[in-house]
Amino acid sequence: MKHSVCLNNFICEKAKHIIDKQKEKVNKGLKHFCKPAYEATIPVILYPDDNKNQPLERFGNIGEIVEDEYGCFQTKFFRFEKVDEEECIAVLSLLRPLDEGGCLVDDICDVYRLERTRFCIKVDLSTISDVQLLSPVLVERQFPHPSPK
């Protein structure tokens, strides 16, 4: 018996709804263009059943496989990419948390911008108790220009 379908169908439905909203946001911009310049992202924080007070946290670019200016990073921020509704499994991309200066941050309250990455994880949504939606502005926002001295 697939326990995830019975016990936590609400989280699966919420994930599917978020993916649909991301697609809808992209499609709204298509009336004048052949294809969108970007894919909409609704950032989320996930809270696991076993520790409802602490967000799910994962690492990206372990061993610095991809050469970039950041290297290995830790994040609590994700983007739903797809959901297997039968199995209640989601593929999420890791969002890189950056401060106003473009540096990696660990503290949630210091995040100015979230940057999409190619790093993904699979999560059994039956182990998730809550999904917190964040503003897409966190992904779309540009870094402020340095103030002249």
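The values are calculated or read from the model by the stated rules, or taken from the named source; none is laboratory data. These figures come from a predicted structure and were not determined experimentally. Glycine gets a Cβ as well: all are built from the backbone with ideal geometry, and neighbour counts include every protein chain shown.
For E100, the test of being more than 13 Å from the chain's Cα centre (by Cα), more than 27 Å from A15 (Cα to Cα) and surrounded by fewer than 12 Cβ atoms within 10 Å (Cβ to Cβ) is failed.
Within the bounds of segment 118-130, is there any residue that is among the aliphatic types (A, V, I, L, M), exposed (fewer than 12 other Cβ atoms within 10 Å of the Cβ) and part of a helix (DSSP H, G or I)? Write out each step before concluding.
If we filter segment 118-130 for residues that are among the aliphatic types (A, V, I, L, M), which is where we start, we get 121, 123, 125, 128.
Then keep just the ones that are exposed (fewer than 12 other Cβ atoms within 10 Å of the Cβ); that gives none.
No, segment 118-130 contains no residue that is among the aliphatic types (A, V, I, L, M), exposed (fewer than 12 other Cβ atoms within 10 Å of the Cβ) and part of a helix (DSSP H, G or I).
Condition first: part of a strand (DSSP E or B) and either at pLDDT 95 or above or surrounded by 18 or more Cβ atoms within 10 Å (Cβ to Cβ) (or both). Now tell me which residues in segment 59-80 satisfy that. Across segment 59-80, the qualifying residues are G60, F73, T75, F78, R79, F80. Regarding Y70, is this residue farther than 13 Å from A15 by Cα and over 17 Å from the mean Cα position of the chain (by Cα)? When the stated conditions are applied, Y70 passes them. Within segment 37-58, residues that are closer than 14 Å to F78 by Cα and assigned to a strand (DSSP E or B) reach partners that are among the acidic types (D, E) and at pLDDT below 95 with beta carbons closer than 8 Å, at six or more positions or on different chains, in the pairs L46/D130; Y47/D130.
Before we move on, is E87 surrounded by 13 or more Cβ atoms within 10 Å (Cβ to Cβ), among the acidic types (D, E), in contact (Cβ under 8 Å) with a residue 24 or more places away in the chain and assigned to a strand (DSSP E or B)? So E87 fails the test. All conditions but one from (1) assigned to a loop (DSSP other than H, G, I, E, B); (2) exposed (fewer than 15 other Cβ atoms within 10 Å of the Cβ); (3) over 14 Å from the mean Cα position of the chain (by Cα); (4) not aliphatic (A, V, I, L, M) apply to S135; the one that does not is (3).
Filtering segment 93-107 to residues that are more than 18 Å from T41 (Cα to Cα) and either touching a residue at least 24 places away in the same chain (Cβ under 8 Å) or acidic (D, E) (or both) leaves D99, E100, G101, G102, L104, D106, D107. Residue pairs whose Cβ atoms lie under 8 Å apart, sitting 6 or more positions apart in sequence or on different chains, and linking a residue in segment 122-141 that is touching a residue at least 40 places away in the same chain (Cβ under 8 Å) to a partner that is of a type in the set (D, E) and crowded, with 16+ Cβ neighbours inside 10 Å, are V139/E115.
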